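The values are calculated or read from the model by the stated rules, or taken from the named source; none is laboratory data. This is a predicted model, so every value here is computed, not measured. Cβ sites come from the backbone with ideal geometry, for glycine too, and all protein chains shown count toward neighbours.
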Amino acid sequence: MRPMDLSVLSEGGVGRQLVVSAVLVAVVIAFRALVTAALHRTRPVESDEQAGERRRFWVRQASKLIAFAVLVAGLVLIWVGDTSRLATVAGLLTAGIAVALQRVITAMAAYLIILRGRVFTVGDRITIGGVRGDVVRLGLVQTTVMEMGEPPSAHSGDPQVWVSARQYTGRLVSVTNDRIFDTPVYNYTREFPFMWEEMHFPIEYHADYARAESILLDIAHKHVDAIIERAKPGYDRLRERYFVAERSELPPRVYLRMTDNWIELTLRFLAPVHGVRGIKDAMTREILPAFEGAGLSIASTTFAVTGLPTVKIARARE
């Protein structure tokens, strides 16, 4: 059986090529519409909403890639006609694209690396190119991030944010995928969706710091013991893949540090990446009355005047 000669598509002249091209575009658009309609009919159940949304995203992404590839290949075959010239046309076209769209090609190559290397995916909380937040869209060229704020102690300055916690600011930020070649990518959730947090409590030197430490640990265990149980399997997998210290770091712990003005107690504990602020708020609301009941007060910078020199005032004679 002889292969079909694609040059017959051009025998009818430009008019026929335009008609066939229009039909091809209509078929591609209809394919995308059918995929979109099917996704709308298969809404994920509430208990598996996040996993369902990720599957829907990747189905949309795959349909876009398939539609783009079919459209480009079809238009090339329709308008080139003679398949013997395909190699020459493809070579010239590739060279021109490589020069004119160097950054775009680099971003598309980075997209493949992001997928293959599992750098991040939709739903991950990352920092890339100075932008912090959750990945809400992953495209061929750009990644869209729902920006979040940072605690004042962790804020690097630019860009300025007005939310002093790891919560959404409301801004959607687009970052080109090629930034993975230029800057580190911090992934908060990919391998281990938990992080170690710290809370600092300065108390006066004459205060009972052992009692303060006991209060902090009791309240911390109350709030994070269940979290630690959820984190243990993931932490074990992390230790199997990477060189990580022993599990002794998982339970909450209090560290003491002496300063010029007070003893600083640092409570270190494990928390999930999402909802850290709520946990710290709940713990603070219990720590403050517990400290007050134990006669402990939070220290602050003060100045104590211990003595004054004798001041003599001489009245000038007239």
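So that you can scan it fast, the table gives a plain yes or no per residue for (1) exposed (fewer than 12 other Cβ atoms within 10 Å of the Cβ); (2) modelled with pLDDT of 95 or more:
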position	(1), (2)
Tyr235	no, no
Arg241	yes, no
Ser248	yes, no
Thr266	no, yes
Val276	no, no
Arg285	yes, yes
Ile298	no, no
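Sort through Thr189, Thr169 and tell me the only one that's in a strand (DSSP E or B), at pLDDT below 95 and buried (at least 16 other Cβ atoms within 10 Å of the Cβ). The unique qualifying residue is Thr169.
Quick check on Trp196: is it assigned to a loop (DSSP other than H, G, I, E, B) and under 30 Å from Thr121 (Cα atoms)? Full working, then the answer.
Details: assigned to a loop (DSSP other than H, G, I, E, B): no; under 30 Å from Thr121 (Cα atoms): yes.
So Trp196 fails the test.
Can we say Ala95 is surrounded by 12 or more Cβ atoms within 10 Å (Cβ to Cβ) and either at pLDDT 65 or above or of a type in the set (D, E, K, R) (or both)?
Values: surrounded by 12 or more Cβ atoms within 10 Å (Cβ to Cβ): no; either at pLDDT 65 or above or of a type in the set (D, E, K, R) (or both): yes.
Spelling it out, it is not the case that Ala95 is surrounded by 12 or more Cβ atoms within 10 Å (Cβ to Cβ) and either at pLDDT 65 or above or of a type in the set (D, E, K, R) (or both).
Whenever a residue of the stretch 173-195 is under 17 Å from Tyr111 (Cβ atoms), its partners that are part of a loop (DSSP other than H, G, I, E, B) and of a type in the set (D, E, K, R), lying with C-beta atoms within less than 6 angstrom and at least six residues away or across chains, give the pairs Asn187/Asp124; Arg190/Asp124.
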